[in-house]
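**Student:** Below you'll find the structure I mean.
The values are calculated or read from the model by the stated rules, or taken from the named source; none is laboratory data. Treat the numbers as computed from the prediction; the structure is a model and nothing was measured. Positions of Cβ are generated from backbone atoms using ideal geometry, with glycine treated the same way; all protein chains shown enter the neighbour counts. For the accessible areas, the whole protein counts, side chains as well, though only heavy atoms, and no ligand, DNA or RNA atoms are used. Shrake-Rupley method; radii C 1.70, N 1.55, O 1.52, S 1.80 Å.
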Amino acid sequence: MKRTSILLAAALAALAVFASGAAAETRYARGNCSFSLWAAPSWKSKRVGGLLPGHPVSILRTKGVWVRVRTRAGLNGWLPASFLTKTRPTPAADRSGQARVRRLQRRLDRLKKVMAARGRAIGRLDDRVRELQLRHRQMLAKPGNTRFLLMTLKKQQELIDRLRAEVLALKNQ
């Protein structure tokens, strides 16, 4: 009788250990970015792997705000519990992330076009400034109608100054 009760107690203990391992809680990585898994419950510990958005994990243990998890691939590591959620992310959430990436890509393409156009405009203005400076020097080299020459030179210098200001404004945008 005593032997039977010992065997029964051992079987129940083994069953409890097995059931607690089998009933590990499943959580999912939040769907906004990937996360690192750490060797210990500290930011200073070694990084042992990563976790993609929506990836399911089993919670093995908790320590404060940190949880020890096991991925389906068998990788164990620690991460803050706030990085996990009880509900599986929906495909719509994933699609919205993809839509955001597409929007950002289109915006980047537009900005590249704008920057290329600004670069061309700056190049044209620089060419015009060089051309006016050359004409300015040529006029100074030729003696002639002094009054006409001074008026023309003054206008050209004002134009050069205005063009330089436009180039600086475009470069600073």
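**Student:** Considering only residues of region 108-144 that are assigned to a loop (DSSP other than H, G, I, E, B) and open to solvent by 100 Å² or more (accessible area, probe 1.4 Å), which is modelled with the highest pLDDT?
**Tutor:** Narrowing region 108-144 to residues assigned to a loop (DSSP other than H, G, I, E, B): 142-144.
Applying the additional criterion that residues be open to solvent by 100 Å² or more (accessible area, probe 1.4 Å) yields 142-143.
On the way: LYS142: 70, PRO143: 65.
If we take residues in region 108-144 being assigned to a loop (DSSP other than H, G, I, E, B) and open to solvent by 100 Å² or more (accessible area, probe 1.4 Å), then LYS142 is modelled with the highest pLDDT.
**Student:** Quick one: what pairs do we get from region 28-47, first residue hydroxyl-bearing (Ser, Thr, Tyr), second open to solvent by 40 Å² or more (accessible area, probe 1.4 Å) and assigned to a loop (DSSP other than H, G, I, E, B), C-beta under 8 Å, 6+ apart or different chains?
**Tutor:** TYR28/HIS55; TYR28/LYS86; TYR28/THR87; TYR28/ARG88; TYR28/PRO89; SER34/LEU52; SER34/PRO53; SER45/ALA39
**Student:** All but one of (1) assigned to a helix (DSSP H, G or I); (2) at pLDDT 80 or above hold for ARG70; state the number of the condition that does not hold.
**Tutor:** (1)
**Student:** While we're on this one: If only one of PRO41, PRO53 is modelled with pLDDT of 85 or more and not hydrophobic (A, V, I, L, M, F, W, C), which one is it?
**Tutor:** Details: PRO53 fails: modelled with pLDDT of 85 or more.
Only one candidate passes the filter, namely PRO41.
**Student:** Inside region 145-169, can you point out the residues that are touching a Lys or Arg at 6+ places or on another chain (Cβ under 7 Å) and at pLDDT 80 or above?
**Tutor:** LEU163
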